[in-house]
Amino acid sequence: MQIDIPFIFTALTEIFKALPLTMIITLVPLMIGFLIGIGITLIRIRKVKGIYRLANFYVSFLRGTPALMHIMLIYLGLPLLIDKMAETFHWSIQSTSIPILLFVLMALSLTAGAYMSEIIRAGILAVDQGQLEAAESIGMTGFQAMRRIVFPQAIAISLPNLCNIFIGFLHTSSIAFIVSQKELTGAANIVASNNLKFLEAYIAAALIYWGLTIISEKVTALLEKRVTVYNRGGVA
Amino acid sequence: MIQLRNIQKSFGNQLVLKGIDLTVNKGEVVSILGPSGSGKTTLLRCINFLERPNEGQVIVDDFKVNSKQANKKEILTLRKKTAMVFQQYNLFKHKTVIENVMEGLIIVQKQPKETARKLAMEVIEKVGLTEKANAYPVQLSGGQQQRVGIARALALNPEVILLDEPTSALDPELVFEVLEVIKRIADEGITMIIVTHEVSFAKDVSDYIVFMDQGEVVEEGIPTVIFNNPKEERTKRFFKRINREEDNLESNLTNAI
């Protein structure tokens, strides 16, 4: 077999058109997961009665199983549930009318939430206890102290981890092709089978992922510089 | 007026405060002295419920909090009447000097931003840090950070400022500037309770001295009496040891030269 180098570039431009969908499948779950993560973290740190164990279970199960399983479980399981509910309550929705993308986003949001909660928790625990005491001593409520003092510092501490999870999810988004999403990997697959040039298409896709990763590393470095100004002495 | 009644606190099985009573009048400066482990810092932290006493009452400006039934709202009200200066400064690291001072004014006291900024600048000037108003804590020396800590407490205009070993974490040559600032605000008639190891400073600045050991008040009174004529054996021993240490330090220095 011969490798067709010019075709890599042809494939590159073709596959690149799928970038928006990859970004959606990466960013939407991370944003929703961030919110889930904050909620889960607060429940676990404050040991909220009743749901505290549930939160522990959620993190343990979702981090203990591959993201591919989450997509499969939601994609196959949720429609059953929806159809059953629709039948019972006489709703007019049908699971087949729901776009598959929505199931993918839902599944990956749950995955992201579990990982995010661990990142945020580590960040919050890394903030000096004295910061919270100082906030309380001037009369702030627990919520004010968390929002204004602890949380901003926790996020600054977590920034490298947040960058890592972004890169991780950029790559995880590729498994959405399993349920026929035409993101980068899905597009590569199509280009490959249409032209029967598999290796070239996947090399092209790999190059795109690599490029995106490099860009996000650069962006994080810049962000880190800005967010942690207060930690470095030097300029104000 | 600040009143503590029968404050008891234990950590696990260990009773660290064995029922403390203390009254501090408005405008008074009270220093709490005692060997380490005597419970003086814990007592100070019980006043604003950073440590919740197991037993007893805290009364600040006619507002009474029973440690046993105290709910969140009461504790919050109590904390709004007090302010604290910490041994490790505990400045908000991600905020500049002026933001540190303004934070409580805006978020807790709900003052408009411009009023808060003006007030903050006044207090910052009082502790002599006007040029550093826009610096981050990490850019300041320990002494400067602690002066910001004092400014942050002072700006809130509390009934009482609680100072927890304010100079213990400082390099010796920076102690003086902080003590000087504390002395200056003491002269303005602000009520303060100071836990300290600086005996001569306590002698100088305080209206009243409380000597604690092993979770109880051993002796209390006005400075001249406590320092010159202590009645209790434990108080005498404490001052004797401190004097001896100072003498030793001096003779060591002389020998070294």
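The values are calculated or read from the model by the stated rules, or taken from the named source; none is laboratory data. Nothing here was measured: the structure is a model prediction, and the numbers come from that model. Backbone-built Cβ (ideal geometry, glycine too); neighbour counts: all protein chains shown. Side chains included, ligands, DNA and RNA excluded: accessible areas come from the protein's heavy atoms. Shrake-Rupley method; radii C 1.70, N 1.55, O 1.52, S 1.80 Å.
Summary of computed values
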quantity: Subset tally (residues that are over 21 Å from B:Asp61 (Cα atoms) and either open to solvent by 40 Å² or more (accessible area, probe 1.4 Å) or in contact with a Phe, Trp or Tyr (Cβ under 6 Å, 6 or more places away or on another chain) (or both)) for region B:170-193; calculated: 9
quantity: Inter-residue pairs, beta-carbon under 9 Å, first under 15 Å from A:Met69 (Cα atoms) and in region A:173-192, second open to solvent by 40 Å² or more (accessible area, probe 1.4 Å) and part of a loop (DSSP other than H, G, I, E, B), 6+ apart; calculated: A:Ile175/A:Pro66
quantity: B:Gln87 within 10 Å of chain A (Cβ to nearest Cβ), open to solvent by 20 Å² or more (accessible area, probe 1.4 Å) and either touching a residue at least 12 places away in the same chain (Cβ under 8 Å) or out of contact with any strand residue (DSSP E or B) (no Cβ under 8 Å at 6 or more places or on another chain) (or both); calculated: yes
quantity: Selection from region B:1-30 of residues that are among the basic types (Lys, Arg), open to solvent by 60 Å² or more (accessible area, probe 1.4 Å) and either in contact with a helix residue (DSSP H, G or I) (Cβ under 9 Å, 6 or more places away or on another chain) or under 30 Å from B:Ile185 (Cα atoms) (or both); calculated: B:Arg5, B:Lys26
quantity: Test result for A:Ile149, of a type in the set (A, V, I, L, M) and over 30 Å from B:Val108 (Cβ atoms); calculated: no
quantity: Qualifying residue in region B:194-208 (condition: of a type in the set (A, V, I, L, M), within 24 Å of B:Glu125 (Cα to Cα) and crowded, with 23+ Cβ neighbours inside 10 Å); calculated: yes
quantity: Any chance B:Ser200 is hydroxyl-bearing (Ser, Thr, Tyr) and either assigned to a helix (DSSP H, G or I) or free of Cβ contacts under 8 Å to residues at least 12 places away in the same chain (or both); calculated: yes
quantity: Candidates B:Ile59, B:Ile32 - the one that is among the β-branched types (Val, Ile, Thr), in contact (Cβ under 8 Å) with a residue 12 or more places away in the chain and within 19 Å of B:Met212 (Cα to Cα); calculated: B:Ile32
quantity: Residue within region A:173-185 that is facing chain B (nearest Cβ under 10 Å), on the phi < 0 side of the Ramachandran plot and in a helix (DSSP H, G or I) present; calculated: no
quantity: Which numbered condition B:Ile107 fails, given (1) within 10 Å of another protein chain (Cβ to nearest Cβ); (2) within 28 Å of B:Glu28 (Cα to Cα); (3) buried (at least 20 other Cβ atoms within 10 Å of the Cβ); (4) without any contact (Cβ under 8 Å) to a residue 24 or more places away in the chain; calculated: (2)
quantity: Restricting region B:151-169 to residues that are without any contact (Cβ under 8 Å) to a residue 60 or more places away in the chain and open to solvent by less than 20 Å² (accessible area, probe 1.4 Å), the residue that is nearest to B:Lys81 (Cα to Cα); calculated: B:Ala155
quantity: Residue pairs meeting the criteria (Cβ under 6 Å; at least 6 apart or on separate chains; first open to solvent by 80 Å² or more (accessible area, probe 1.4 Å), in region B:229-242; second outside any helix (DSSP H, G or I)); calculated: B:Glu232/B:Val218; B:Glu232/B:Glu219; B:Lys236/B:Pro230
quantity: Conditions (1) touching a helix residue (DSSP H, G or I) at 6+ places or on another chain (Cβ under 7 Å); (2) within 11 Å of chain A (Cβ to nearest Cβ); (3) surrounded by fewer than 22 Cβ atoms within 10 Å (Cβ to Cβ); number of the one not met by B:Asn100; calculated: (3)
quantity: Failed condition for B:Ser67, given (1) away from chain A (no Cβ under 13 Å); (2) surrounded by fewer than 16 Cβ atoms within 10 Å (Cβ to Cβ); (3) among the polar types (S, T, N, Q); (4) in contact (Cβ under 8 Å) with a residue 12 or more places away in the chain; calculated: (2)
quantity: Those residues of region B:118-150 which are open to solvent by less than 20 Å² (accessible area, probe 1.4 Å), assigned to a helix (DSSP H, G or I) and within 12 Å of chain A (Cβ to nearest Cβ), in sequence order; calculated: B:Pro137, B:Val148, B:Gly149
quantity: Residue match in region B:70-79 (condition: within 30 Å of B:Asn134 (Cβ to Cβ), open to solvent by 20 Å² or more (accessible area, probe 1.4 Å) and either at the interface with chain A (Cβ under 8 Å from one of its Cβ atoms) or touching a residue at least 24 places away in the same chain (Cβ under 8 Å) (or both)); calculated: yes
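For (1) open to solvent by less than 60 Å² (accessible area, probe 1.4 Å); (2) in a helix (DSSP H, G or I); (3) modelled with pLDDT of 95 or more, each residue gets a yes or a no:
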position: A:Phe7; (1), (2), (3): yes, yes, no
position: A:Thr10; (1), (2), (3): no, yes, no
position: A:Gly33; (1), (2), (3): yes, yes, yes
position: A:Gly37; (1), (2), (3): yes, yes, yes
